[in-house]
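The structure appears right after this line, and notes come after that.
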Amino acid sequence: MKPSLPHNNSSLIWSAYSLPEGNRPADWQVHNIGDCHIHVSCERSGDQASLFLLTRHDELPRLLPPDCPPPSREPPRSADDRRWQRCAIGKLTEYQLLPVYPTLPLCIHLDRAVSLPPGGILQGWLFSSASAEIRVGDVPLTTVAPRTLHKTLYGNTTDGVVCHDLSSPLLDKATADDPLSGNPPAGPPDSVAHPIRIRNSSGETVVIQELCVYGSQLSIFRKQQQLFSETIQFTFGPTRIKMGVEPLSRRDHTILTLAEAKIGGEEKVLERSLEVLKALTRM
């Protein structure tokens with residue numbers, strides 16, 4: 001189901017926007033998310049329109065040499081400028097900027113190791129980073145990561161999972177099992193707050209330094225200005241680690257769904273061998 005977004009105001013990035021028109025930089029719409037800058041331009045011919053997109057990151061060279069005039073005086077975009085992605089959008093008059101999870105699972109390194117005894121349960125919050133998807137109508141045009149994402153291996157070279165590498169503080173919150181009992185913890189605009197519940201059913205003490213999150217199983221909600229997901233349940237068993245998702249227990253008018261889970265209703269078995277479990281948890 002396509003999310004329905006309110007039209008943009010100054011405090012919200014994830015919104016619907018009117019199409020800008022004109023090929024001068026002053027006419028462009030620019031979205032700054034993390035280290036990423038998304039430039040949007042539009043041209044109309046009769047009742048048909050074309051949308052132009054350009055993305056860049058702060059760590060990449062500028063579009064112009066340092067001795068060139070400031071961006072407001074950059075030369076106009078031309079139809080043969082290959083830096084821009086061009087999309088025919090017909091008679092549509094707006095586009096949406098939506099948060100989505102990266103395609104790969106996320107290996108989230110915690111800012112501190114957690115020692116969990118047999119039968120122990122830990123509740124808290126951690127953060128991941130959402131990518132930005134530009135959508136016109138029902139059609140996604142492009143997806144851009146707000147930061148350069150590096151790959152890592154969660155586990156060993158035989159049975160591990162290739163993931164994007166992220167880091168996050170682990171926040172202890174007694175209300176993490178019910179995100180609606182309070183506001184999600186605040187983070188940058190592209191951050192998604194995840195309430196988590198970790199259970200150790202292995203019979204041995206487990207030291208946890210990272211967690212593997214499958215974004216395909218999670219939704220993205222917005223409450224006020226903060227993005228958050230359903231509660232993620234991790235179970236560390238004697239022979240495997242499982243990730244499960246607990247749906248929101250209730251909804252209210254302050255919760256807006258921006259992205260729905262692509263895969264739902266099943267547990268994800270991350271690993272199946274005790275040797276890999278020990279490698280993952282550094283036991």
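The stretch between Arg251 and Arg82, if pulled fully straight at 0.36 nm per residue, gains 56.3 nm over its current Cα-Cα span. With the highest mean first, a sort of the peptides 218-226, 48-56 on other beta-carbon atoms found within 10 angstrom per residue produces 218-226, 48-56. For the range 185-266, averaging the sequence separation of C-alpha pairs within contact (under 8 Å, six or more residues apart) and dividing by the residue count gives a relative contact order of 35 percent.
Packing, taken as the mean count of other beta carbons within 10 Å per residue, orders the peptides 139-146, 190-197, 85-92 from highest to lowest as 190-197, 139-146, 85-92.
The numbers here are math on the coordinates, done by the rules we state, and not lab data. Just so it is clear, the structure is predicted and the values come from calculations on it, not from any experiment. Cβ coordinates were reconstructed from backbone atoms using ideal geometry, including for glycine residues, and neighbour counts include every protein chain displayed.
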